[in-house]
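Below you'll find the structure, written out as structure tokens, and then a few comments.
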Amino acid sequence: MTISTTKKLLGATVAAGVIFALAGCGQAPAESGGDAGGDAASDFLPCLISDAGGWNDKSFNQSAKEGMDSAAEEIGVKPLEFESANDNDYAPNLETAVSEGCSLIVSVGFKLSAATVESALANPEIDYAIIDDWADNDFDGEVDAPNIKPLVFDTAQAAYLGGYASAAWSAQSGVNKVGTFGGMQIPSVAVFMDGFQLGVEKYNEDKSGAVQVVGWDVASQTGSFTGGFDANDTAKQTAQGVLDQGVDVILPVGGPVYQSAAAAIADSGKDTLLVGVDSDLAVADPSVADVTLFSIMKAIDVAVHDATIAASEGDFDPAPYIGTLENEGVKLSGFGSFEGELPEGLMDEIGALQEQIIAGDITVESPNSP
């Protein structure tokens, strides 16, 4: 199976509220992806391994867990879920999952890529899936093990809509400046930043605007990064560096790093608003709902749920899943309490842009798209 990817860095819902719709042990199946027979569900044990962000990251780990829990409840089994405290836990957690008889092992994030490939190659009878990674550690354009299903997302499409909306908000306020920063500079992070900037540029083109983007340049692929995904002093300082340039909308990309951005906003005393990523941040973390304009979402929960149900029915398919606007794998959340303050006509404009992207009339050209 050939995959087109630019994996160069570390392997890696128009209506009101507009949501663009627009542990036990079991035994692995005898053959990956095969018909496990009428008792498949009774022998099926799904397992999930987090990255170091943990289950309460209000982002992709938590979303993956919600998808796994939903599928397991539907199937009628109890999943095994391994929370990694740090990077050193990945391989041991995979080894434990294998020894416990897991039928499907889902790894959350690119950091688990190498360990997941190693485990999958050693255990070809087990089905694997990995979120936000192609499992292509030798960069030859192919998944490194035939029993791994990549669950990846063309987040640039939704981020494009988000960039346009952010630019409209900032232009209306008269600030005309938005910003972004990321955790680690990897494709699954940079793809948000690419789409965000391209959406701002689209707003400027359509409205003869002059909204600037701070913290990222899509052409040179350079910008502001914390070097990790922890909500720590480095992340807060990085956020402050972007805020100090006068932005009134900021997009922190990297799970818990939004917490550092929220803290920096609080310290600044300014009216800067956050854009959430992966999950609907205002719902996932109500403590920041009053400063969250909207979120750029990935349907990680749906992807994990569907992959788990398929595997339980003996229909595991290792072909990559790519989330797009068309299949609702990526989308924008609603604007919450800020909806009534949006520029007139913005909802219709974003809806039209989404339709054009789905129709192929607009191509969001991110070098980090899957």
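The values are calculated or read from the model by the stated rules, or taken from the named source; none is laboratory data. The structure displayed is predicted, hence computed values, not measured ones. Because the Cβ atoms are built from the backbone with ideal geometry, glycine has one as well, and the counts that use them run over all protein chains shown. Calculation scope for accessible area: heavy atoms of the full protein, side chains included, ligands and nucleic acids excluded. Shrake-Rupley method; radii C 1.70, N 1.55, O 1.52, S 1.80 Å.
With all protein chains kept in place, the per residue accessible area of region 208-347 amounts to 39 square angstrom at a probe of 1.4 angstrom.
With no solvent and one point per C-alpha, what does the Debye sum give as log10 I(q)/I(0) for region 261-370 at q = 0.15, 0.19 Å⁻¹? For the requested q values the scattering log ratios are -0.84, -1.11.
For region 169-257, the alpha-carbon radius of gyration amounts to 1.05 times the rule-of-thumb value 2.2 N^0.38 Å expected for a compact globular protein.
Remark: spin-label model distance residue 207-residue 355 equals 2.0 nm, labels positioned 7 Å along the Cα→Cβ axis. About the centre of its Cα atoms, the chain shows a dipole size close to 1080 debye [charges on the beta carbon of Lys, Arg (+1) and Asp, Glu (-1) only; nearest 20 debye]. Shown in residue order for region 195-204 are the 3J(HN,Hα) couplings computed by the Karplus curve 6.51 cos²θ - 1.76 cosθ + 1.60 at θ = phi - 60°: x, 4, 5, 5, x, 4, 4, 5, 4, 4 Hz (x for Gly and Pro). Projecting the Cα atoms of 266, 352, 342 onto the dipole axis of region 261-370, where Lys and Arg carry +1 and Asp and Glu carry -1 at the beta carbon, places 266 farthest toward the positive end.
The distance between label points at residue 328 and residue 85 comes to 4.0 nm (points 7 Å beyond Cα on the Cα→Cβ vector).
Kirkwood Rh, the chain, all Cα pairs: how many Å? Walk me through the numbers before you get to the answer.
On the way: mean 1/r = 0.0484 Å⁻¹.
Value: 20.7 Å, from the Cα pair sum.
Each residue of region 242-257 is assigned a 3J(HN,Hα), and the resulting list reads 6, 4, 4, 8, x, 6, 10, 9, 9, 10, x, 10, x, x, x, 4 Hz, derived from the Karplus form 6.51 cos²θ - 1.76 cosθ + 1.60 (θ = phi - 60°), x at Gly and Pro. Across region 267-275, coupling constants 3J(HN,Hα) worked out from phi with the 6.51/-1.76/1.60 Karplus curve, θ = phi - 60°, read 5, 6, x, 9, 9, 5, 10, 8, 10 Hz, and Gly and Pro carry x. Projecting the Cα atoms of 141, 181, 203 onto the dipole axis of region 133-239, where Lys and Arg carry +1 and Asp and Glu carry -1 at the beta carbon, places 203 farthest toward the positive end. The modelled label-to-label distance for the pair residue 99/residue 263, using points 7 Å beyond Cα in the direction of Cβ, is 3.7 nm.
Rounded to the nearest 20, the Cβ-based charge dipole of region 233-330 about its Cα centre (Lys and Arg +1, Asp and Glu -1) stands at 400 debye.
Under 5 Å between amide hydrogens, built in the peptide plane, is the criterion, and for residue 214 it picks out 178, 179, 180 among residues at least 5 positions away or on other chains.
Given +1 at the Cβ of Lys and Arg, -1 at the Cβ of Asp and Glu and no other charges, the dipole of region 149-243 around its Cα centre is 120 debye to the nearest 20.
Where q = 0.09, 0.11, 0.18 Å⁻¹, what log10 of I(q)/I(0) comes from the Debye formula for region 49-207, counting one point per Cα? Rounded to two decimals, the profile gives -0.38, -0.54, -1.06.
Summarising the amide proton neighbourhood of residue 362: residues at separation of 5 or more, or on other chains, whose placed amide H is nearer than 5 Å comprise 357. Taking 0.36 nm per residue of sequence separation and removing the Cα-Cα distance, the residue 338/residue 140 pair yields an extension gain of 66.7 nm. Summary of packing: across the peptides 109-120, 166-177, the per-residue average of other C-beta atoms within 10 Å ranks them, highest first, as 109-120, 166-177.
Taking a Cβ cut-off of under 14 Å around residue 358, the surrounding Lys, Arg, Asp and Glu residues balance to a net charge of -4, with basic ones at +1 and acidic ones at -1.
To put it simply, the accessible area of the chain at a 1.4 Å probe is 46 percent carbon and sulfur.
The peptide list 308-317, 261-270, 244-253, put in order of mean Cβ contacts within 10 Å with the highest first, becomes 244-253, 308-317, 261-270.
Of the residues 117, 324, 190, the one whose Cα sits farthest toward the positive end of the charge dipole of the chain, with +1 on the Cβ of Lys and Arg and -1 on the Cβ of Asp and Glu, is 190.
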